[in-house]
Amino acid sequence: MSDFLNAGAFYLLAAVTLAGALGVVLAKKLVHAALLLTVTFIGVACLYFQLGADFLGAAQLMIYAGGVAVLIVLGVMLTRHAPGEETSPDNARWFAAPVAAALFFAVVFSAIYVTPFAEVMEAPVGNSIEKLADLMLGEYAITFELAATLLLAALVGAIVLAKEEGQ
């Protein structure tokens, strides 16, 4: 019974996440698309929690559903578009988007088809946060430091661009 409930919860969360993502693409109003993106972020965080990746779920919830979603909503509200303004349905590239989406899904499904999931889906032993910390500060320490340096450079660049010339 527990496996049935876990599977049901997973499929329900996946459906909510996919519905939110589809709503982002199909929303006519920018604010609605931003709010549906928040629903998608929260759905992904819930999927992480349900799959036992508590650290990733908390990070997804705090960073994406909290920070990025608020930043996107503020960005939408501070642009020239009015919050209730509809997006333009006329687009010269209406044919290229479905073709690009079909190619993307073909690549994704072919990657899923060739992946040996029996080997990948072994249950982790021990605490996932400790393993993540060991990998980030051990095997991937150089990559972690390079990413931190890149983020620091982006932060300094944003401060320089935001600073007015007279200051």
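One table, with the values for the structure above:
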read-out: The stretch 1-85: C-alpha gyration tensor shape, a/c 1.5 cut-off, then a/b vs b/c; value: oblate
read-out: Radius 15 Å from Cβ of Met136, net charge of other residues (Lys, Arg +1; Asp, Glu -1); value: -3
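Where a number appears in this text, it was derived from the coordinates with a stated rule and is not lab data. Predicted model only: the values in this text are computed from it and were never measured. Quick reminder, even Gly has a Cβ in these numbers, built from the backbone with ideal geometry, and neighbours come from all protein chains shown.
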